[in-house]
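Notes to accompany the following structure.
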Amino acid sequence: MINTLLVALAVAAGVPALVGVPLRCWQIATGRFRSRIPQHALARATFRVFAVLFLVPNALAWAYVLHAGYQYLACGSGCEQRGVAAVIAIGFLGCAYVLLEGFLLTARRRVVPDQ
């Protein structure tokens, strides 16, 4: 029961990731997050390293989801294994996307100075 729930949550996160991954790739590539990162050099360097570290697996998982989905749709009937592979790929994409969004959520937070 727990395993089914975890797979369902991963697939549910993977569906919005089909749109979210290209959007985040574009936002990071164009520098949309630069104004939200703290101004000191360590924060900027850390953001660059971890953005690439999280973005590359997301882009690869996104490309694999498109490939697996195309193979499943091109196969026709009798290819249940390819359908399972497509769902697993969407689940992996969902897991990678949750990590990317978690990173961006913590990287963009603002610390308010004490008054």
Hits in the range 5-27 - residues which are without any contact (Cβ under 8 Å) to a residue 60 or more places away in the chain and farther than 14 Å from Ile88 by Cβ: Leu5, Val19, Pro22, Leu23, Cys25, Trp26, Gln27
Of (1) of a type outside the set (Val, Ile, Thr); (2) closer than 22 Å to Arg82 by Cβ; (3) out of contact with any Cys (no Cβ under 6 Å at 6 or more places or on another chain), Phe33 fails just (2)
Can you find a residue in the range 7-22 that is at pLDDT 85 or above and loosely packed, with under 12 Cβ neighbours inside 10 Å? yes
Taking Ala45, is it surrounded by fewer than 12 Cβ atoms within 10 Å (Cβ to Cβ), assigned to a helix (DSSP H, G or I) and on the phi < 0 side of the Ramachandran plot? yes
Find all pairs meeting these conditions: Cβ atoms under 9 angstrom apart; at least six residues apart or on different chains; first residue within the range 30-45 and within 15 Å of Phe103 (Cα to Cα); second residue of a type in the set (Val, Ile, Thr) and loosely packed, with under 10 Cβ neighbours inside 10 Å. Pro38/Val111
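The values are calculated or read from the model by the stated rules, or taken from the named source; none is laboratory data. Quantities reported herein were computed from a predicted structural model and do not represent experimental measurements. Virtual Cβ from ideal backbone geometry, glycine too; neighbours counted across all protein chains shown.
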